[in-house]
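The structure appears right after this line, and notes come after that.
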Amino acid sequence: MKKQFAAVFAATAVLGVTTAFANNSFSDVSSDSWAYQAVSQLAEAGIVNGYPDGTFKGQNNITRFEMAQMIAKAMANQDRANAEQQALLNRLADEFSNELNTLGVRVARLEDRVGNVKVTGDVRLRYLGSQEKDGKFVNDGTNLRGFEYSKHNTFDARARVQFNAKVNDRTEAVVRMTTGNIELGDAFIATGPAAAQAYEPTKVKIDRAYVNHKFGQRVSAKLGRFNQMIGNGLIYDDTFDGAQFTAGNDKVQFQAAYGYGVEGGFAMDMYGEHTIDRQENFTIAYAGLKGELNKHVNLGGFYARLNKQRTSNEDVRNMYGFSTDLNFDKVWVGGEWVKASGVSHGSAWSAGLGYGNYAISKRGTWDVKAQYFSIGDNIALESSRWEVPYDATNRYYDPNFGGGTFVTTYRGFKGWLATAHYALQDNVGVTAYYGFNNKTNKSIGENDKLPHYYRVDLTYQF
């Protein structure tokens with residue numbers, strides 16, 4: 001410990017004579033960059049004191065070298081940091097490793113103290129349910145178990161643990177394990193046919209297993225099983241098997257990915273069963289661009305190709321879209337529009353308004369949000385970032401299909417979603433959802449009114 005403090009103080013003392021050896025050390029770190037905001041949080045928590053005079057000038061741009069000096073001080077005070085702050089410090093030390101090395105504070109010093117493996121995770125308790133409308137719920141669970149919103153209410157739990165292992169200065173390996181949604185009080189064990197065995201909530205599975213390699217400060221690549229967002233997440237924001245390439249900075253970011261979507265509608269057949277294996281799945285090629293127009297406006301655009309056989313004019317193969325997020329202090333306005341190329345009734349859009357500054361790591365923070373969704377019946381939400389169960393997995397009884405059977409054939413969707421977050425304690429948050437005024441959005445025939453749904457999550461992060 002004494003040696004580490006000595007190294008930090010020595011690094012601070014020689015700041016004036018070592019700056020000549022840092023090629024980009026005097027390039028500005030803008031006050032709205034993630035690194036600047038991260039150091040601001042650490043300063044507020046008392047982990048770092050800022051400039052040599054003990055202040056942190058919260059409105060001014062600073063150089064990368066000045067930022068590295070503050071990070072070095074934070075490394076000396078990391079015993080005060082909680083798990084989330086420790087993770088933030090790891091990311092900062094990696095981003096500014098060149099400047100820290102120039103200061104004489106090697107990132108390896110931090111690694112020696114926290115180890116090469118960082119462990120994080122969460123436990124979620126969840127209460128959810130559906131209105132019963134004309135004898136039907138949001139989902140019909142007849143003959144199959146585990147469907148969300150398939151009865152008046154359900155109380156379940158889920159646990160996840162993630163391991164981030166530092167391979168070297170540029171490479172990280174990540175593995176995450178998760179249970180399913182374990183309905184409390186349900187002791188059912190699947191012993192029947194394959195369809196019934198798909199419901200095994202107590203079985204632990206690997207939903208993240210990838211390697212991330214950085215080629216310098218602005219380019220990285222992932223390979224394995226990771227999370228992939230298509231556009232801004234309206235259509236898909238879930239597990240993806242393949243490769244991802246990312247390049248950019250704090251202002252503009254380009255991302256490309258190729259592989260398989262393996263959750264939501266991509267993993268379920270038309271009867272609502274998880275029977276899609278690699279032979280029946282199809283690859284997806286994705287390219288997206290996101291940029292910060294100014295400190296209030298973020299814009300994005302994407303193109304995705306679904307490499308599957310097209311059996312009708314209503315099958316989606318190519319899609320593109322645009323999104324925006326506007327932030328003014330605590331006010332958020334955002335939305336996304338997606339179009340399936342050459343497909344009638346193949347557009348989807350959402351728009352929302354919110355207020356607040358919720359952060360689960362900070363006790364007492366909160367926000368509220370209201371969103372409207374309009375999804376055509378020839379394009380479906382596969383596994384959206386938003387809590388909308390009327391997606392490609394929505395199971396219902398269709399009397400006109402094959403003499404009457406349970407299907408997930410999409411009927412389009414229109415409806416509202418209200419969301420509220422509140423941080424009860426540091427790293428303990430409660431979230432409430434309510435979906436209402438739900439209807440189908442069919443291209444032919446009259447639309448049907450659909451049941452309302454509700455959900456409350458209590459999440460503990462560590």
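The values are calculated or read from the model by the stated rules, or taken from the named source; none is laboratory data. Keep in mind that this is a model prediction, so the values were computed, not measured. Because the Cβ atoms are built from the backbone with ideal geometry, glycine has one as well, and the counts that use them run over all protein chains shown. Ligands, DNA and RNA are excluded from the accessible area calculation, which covers all protein heavy atoms including side chains. Shrake-Rupley method; radii C 1.70, N 1.55, O 1.52, S 1.80 Å.
Below are the figures for this structure:
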{"quantity": "Total charge dipole magnitude, the chain, about the Cα centre, Cβ charges on Lys, Arg, Asp, Glu only, Debye to nearest 20", "calculated": "780 debye"}
{"quantity": "Rg and Dmax [Cα atoms of the chain; Å; Rg one decimal, Dmax integer]", "calculated": "24.4, 83"}
{"quantity": "Cβ-defined net charge surrounding PRO201, 10 Å radius [Lys, Arg +1; Asp, Glu -1]", "calculated": "-1"}
{"quantity": "Segment 182-294 - Rg and Dmax from Cα coordinates, angstrom", "calculated": "17.7, 57"}
{"quantity": "Cα convex hull volume per residue for segment 243-363 (Å³)", "calculated": "165 Å³"}
{"quantity": "Surface accessible to a 1.4 Å probe, per residue, for the residues of the chain, Å²", "calculated": "50 Å²"}
{"quantity": "Inverse of mean 1/r across different Cα pairs in segment 295-349, Kirkwood, Å", "calculated": "12.8 Å"}
{"quantity": "Förster radius 22 Å - calculated FRET efficiency between VAL456 and LYS151 (Cβ-Cβ, nearest 0.05)", "calculated": "0.85"}
{"quantity": "Part-to-part distance (alpha-carbon centres) for segment 380-431 and segment 135-181, which is given in Å", "calculated": "15 Å"}
{"quantity": "Label-point gap, in nm, between ASN327 and MET270 - each point 7 angstrom along Cα→Cβ", "calculated": "4.3 nm"}
{"quantity": "Paramagnetic reach from ASN143 (point 7 Å along Cα→Cβ, amide N under 15 Å) across segment 248-274", "calculated": "269-274"}
{"quantity": "Set LYS166/LYS222; LYS118/LYS369; LYS214/LYS290; LYS339/LYS442; LYS166/LYS251 screened for pairs whose C-alpha atoms are more than 21 Å apart", "calculated": "LYS118/LYS369; LYS166/LYS251"}
{"quantity": "Value of relative contact order over the chain, rounded to a whole percent, pairs C-alpha under 8 Å and six or more apart", "calculated": "11 percent"}
